[in-house]
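The structure appears right after this line, and notes come after that.
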Amino acid sequence: MTELAKSQPTTSIPHPAGYRPAAEGNHPSLSFGGYRSTSLRAPSQAPVVLRHRLTEVTGPLLTGDIGPNDNDLTTQHAGEAIGQRIVVFGRVLDSDGRAVPNTLVEVWQANAAGRYAHAVDNWPAPLDPNFTGGGRVVTDAQGNYSFTTIRPGAYPWGNHHNAWRPAHIHFSLFGRSFTQRLVTQMYFPDDPLFDQDPIFNSVPDPAARQRMVSTFDLSATRPEWALAYRFDIVLRGREQTPFEEPHE
C-alpha cells in the first residue's frame, strides 16, 4: 500500500445542516445525515440477499476490447482537451498486498471547469467539446493501471448552502461479472473542501478517508507534460479502500 496523504484539512468551513459523525468502519452507510439524496434512495428495510445463478458466476470476463485511447481521456477527440494534464496510476491489490490482474477499471469525471458532459448537468460552466470524461483500462499481470486525463474542477451541487464537491474522479472496478462491481472516488491532496463535503465524510474512519486521497508523485510526473498522482486500490482487509457498497 502506498503512503497516502496524511495532512488533515485546516479549514473552518462549518458542516452542512444535518451532518453527524459516522460510526467506525471503512465504508459509508447507505443513509448518512447531511447527504440529502441518501435519505431518498436508501432502503428502509434490510436488503434481501439473492443467490447468484450459474450465468452470474460463470459469465464472460468484462475486459472487452480496450481501444487505443480508452485510457487517455485527453486524446479521444480531434482537438486538445482544456486543463492541466495529469497521470493517475496505481495498483489494484487484495488484502494480502497481492496484485489483482485482468480487472476492468473504469473512470468518469467532470472537466477542468467542474462540469460533466451529461444532459442533466446544466450549471453555467463551459463544456469542453474535446473532453467527455470517461475512460477504461484493464490491469496488467502486476495489477497496474494508468490513465492520462485532465485534473477535474470543483463544482456546486445544491446539497446545502454554498455546497461544493471537492475535485474527484469516480472509479469502478469489475471482477468476473456485473455482480462483482465496486465503486469509489479518488480525491486530491490538501483539498480545502474536504471538511464540508458529506460524501467524503460519510466514510466512518478518518484514517480510511485518507485512503481515498491520492498521492502526488514527482518521480512519475512527465517532464513538461503532465503531473502524476498515485492511487492504489485495496479490495479487502483492514487497509481496504472505502467503497460505496459495504462488503466484507
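Provide, in order from the shortest bin, the percent of all Cα-Cα pairs of the range 101-208 in each 5 Å bin, continuing until the bin that contains the maximum pair distance. Over the range 101-208, the share of Cα pairs per 5 Å bin runs 2, 11, 18, 20, 19, 17, 9, 3, 1, 0 percent.
Converting phi to 3J(HN,Hα) with the Karplus coefficients 6.51, -1.76 and 1.60 and the offset θ = phi - 60°, the range 180-197 yields 10, 10, 10, 10, 8, 10, 10, 10, 10, x, 6, 6, x, 8, 3, 5, 9, 9 Hz in sequence order, with x at every glycine or proline. Computed with every protein chain present, the accessible area of residue 225 is close to 130 Å² [probe 1.4 Å]. Within the shell of other residues whose beta carbon sits under 11 angstrom from the beta carbon of residue 99, the net charge comes to -2, with Lys and Arg scored +1 and Asp and Glu -1.
Near residue 72, the amide H atoms lying under 5 Å from its own belong to 148; only residues 5 or more places off or on other chains count, and H is placed 1.01 Å from N. Can you give the relative contact order of the range 108-206 as a percent, counting alpha carbon pairs under 8 Å and 6+ residues apart? After rounding, I find 22 percent. Working ranking of peptides 202-214, 73-85 by packing, defined as the average number of other Cβ atoms within 10 Å per residue, highest first, is 202-214, 73-85.
Given R0 = 30 Å, the distance between the Cβ atoms of residue 75 and residue 39 translates into a calculated FRET efficiency of 0.15.
A Förster distance of 22 Å, applied to the separation of the beta-carbon atoms of residue 217 and residue 82, puts the FRET efficiency at 0.40. On a per residue basis, the range 132-196 carries 37 Å² of accessible surface, using protein heavy atoms and a 1.4 Å probe. Taking all protein chains as shown and a probe of 1.4 angstrom, residue 227 keeps an accessible surface of around 60 Å².
The values are calculated or read from the model by the stated rules, or taken from the named source; none is laboratory data. This is a predicted model, so every value here is computed, not measured. Quick reminder, even Gly has a Cβ in these numbers, built from the backbone with ideal geometry, and neighbours come from all protein chains shown. Accessible surface is based on the protein model in full, side chains and every heavy atom, while ligands, DNA and RNA are left aside. Shrake-Rupley method; radii C 1.70, N 1.55, O 1.52, S 1.80 Å.
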